[in-house]
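In what follows, a structure is listed as structure tokens, so that the remarks can point back to it.
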Amino acid sequence: MLNRRKFIRSTALSAGCIAVGNTAFSMIGQQQIQAQKTEPIIISTWDFGIAANKAGWQILAEGGRALDAIEHAAWVPEADVHNQTVGYGGLPDRDGFVTLDACIMDELGNCGAVLAIQNIKHPISVARKVMEKTPHVMLAGDGALQFALENGFLKENLLTKESEAAWREWLKTAKYSPVMNIENKQYRNSSPQKLPGNQYNHDTIGILAIDAKGNISGGCTTSGMAYKLHGRIGDSPIIGAGLYVDNEVGGATSTGVGEEVVRNVGSFLVVELMRQGYAPEDACKEAVLRIIKKKPEIAKNIQVGFLAINKKGEHGAFAIQKGFSYAVCNARQQDLLIPGKSYY
Ligand code: ASP
């Protein structure tokens, strides 16, 4: 059986991952029985989730753990100099510091997070180290940096010329006002200085994965809201707000104006609604409605989107504003971009 499965895997892998993972074969006497098995899948927020998913899929397709897939996926936008909302090249805070937030959560309910960490390119990996090597869940600021350095991470300058130029341009007015859906290609391909409004850029990658064992993990990594107050923490590294996973039920993650997500403990809410039987999209919609109900005037002008997956691998998303999308990668499709539905 093992050999047969291995053969199917490697054949499928060399054929571009078609039909890996969604079927298990077993031999009973001479008869081959085909049985349904959990299908590995990885989903991520925004169009930059496509490249991230691809990296995570390499792990899942080999039968690897969802947690490893999450970390590998997160490395892609974190290292992408052109992505100004995550990791290296991220837009700085009001005072010119690139401060990063990230968290990770596994199938056992273990979790780790770093808040406002500076000079470390892969905060997702520091978050994982916090989870695995300390009795704590969160490390912030200087303490997070110290821990990262002690664990072999390199201190690097993350402020690129482009992001510094954008910040200097912003300083001319220093007005904190949003550009929604900055994630859309037409915005990200233009230089930040040319953005409409006042270059108030944000967007997080939230990633959820299910591996061949049916285990769920999640991760979230971001440079947060551009030009935020120094020390501001968003929803992204807060377990329950920016990310939540319950291996019995599913996982959820969020993107957008983090303050509104924190107020509603958004991702936890989405998972709990799925526990009550809500489909992923309906659970995301309900979480969005809570935000709108509490702050209708604020909600009109901001974006918040939730993305969720349940134990069966069904996924869905819902956002306040149009323009939210998420990327899906499984055995059949590696680059699928699905528009999330929206309230407005
Ligand atoms: N949620 C992130 C934050 O508030 C930003 C984003 O996803 O757009 O920091």
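Summary of computed values
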{"item": "The listed residue being within 14 Å of the ligand (Cβ to nearest atom), buried (at least 23 other Cβ atoms within 10 Å of the Cβ) and modelled with pLDDT of 95 or more, out of I210, I238", "result": "I238"}
{"item": "Count of residues meeting criterion [part of a strand (DSSP E or B) and more than 18 Å from I309 (Cα to Cα)] in region 45-102", "result": "3"}
{"item": "Every residue from region 216-228 that is small (G, A, S) and in a loop (DSSP other than H, G, I, E, B)", "result": "S223, G224, A226"}
{"item": "Matching residues in region 147-206 - criterion: being at pLDDT 55 or above, within 16 Å of the ligand (Cβ to nearest atom) and surrounded by fewer than 16 Cβ atoms within 10 Å (Cβ to Cβ)", "result": "Y176, S177"}
{"item": "Candidate set: region 291-320, residues that are in a loop (DSSP other than H, G, I, E, B) and among the hydrophobic types (A, V, I, L, M, F, W, C); chosen: the one farthest from the ligand (Cβ to nearest atom)", "result": "I320"}
{"item": "Single unsatisfied condition, G231 versus (1) at pLDDT 95 or above; (2) outside any strand (DSSP E or B); (3) within 14 Å of the ligand (Cβ to nearest atom); (4) on the phi < 0 side of the Ramachandran plot", "result": "(4)"}
{"item": "Candidates F324, F268, filtered to the one that is within 16 Å of the ligand (Cβ to nearest atom), closer than 19 Å to A51 by Cα and out of contact with any helix residue (DSSP H, G or I) (no Cβ under 8 Å at 6 or more places or on another chain)", "result": "F324"}
{"item": "Positions within region 321-344 being assigned to a strand (DSSP E or B) and farther than 21 Å from R263 by Cα, in sequence order", "result": "S325, Y326, A327, V328, C329, N330, L336, L337, I338, P339, K341"}
{"item": "Which listed residue is buried (at least 24 other Cβ atoms within 10 Å of the Cβ) and either β-branched (V, I, T) or away from the ligand (no atom under 14 Å from the Cβ) (or both), from V262, V245", "result": "V245"}
{"item": "Count of region 80-115 residues which are small (G, A, S) and buried (at least 24 other Cβ atoms within 10 Å of the Cβ)", "result": "5"}
{"item": "Neighbours by Cβ (under 8 Å, 6+ apart or cross-chain): first from region 210-224, within 11 Å of I104 (Cα to Cα); second of a type in the set (K, R)", "result": "S217/R65"}
{"item": "Test result for I338, without any contact (Cβ under 8 Å) to a residue 40 or more places away in the chain, farther than 23 Å from A113 by Cα and within 16 Å of the ligand (Cβ to nearest atom)", "result": "no"}
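The values are calculated or read from the model by the stated rules, or taken from the named source; none is laboratory data. These figures come from a predicted structure and were not determined experimentally. Neighbour counts are summed over all protein chains in view; Cβ atoms, including those assigned to glycine, are modelled from backbone coordinates with ideal geometry.
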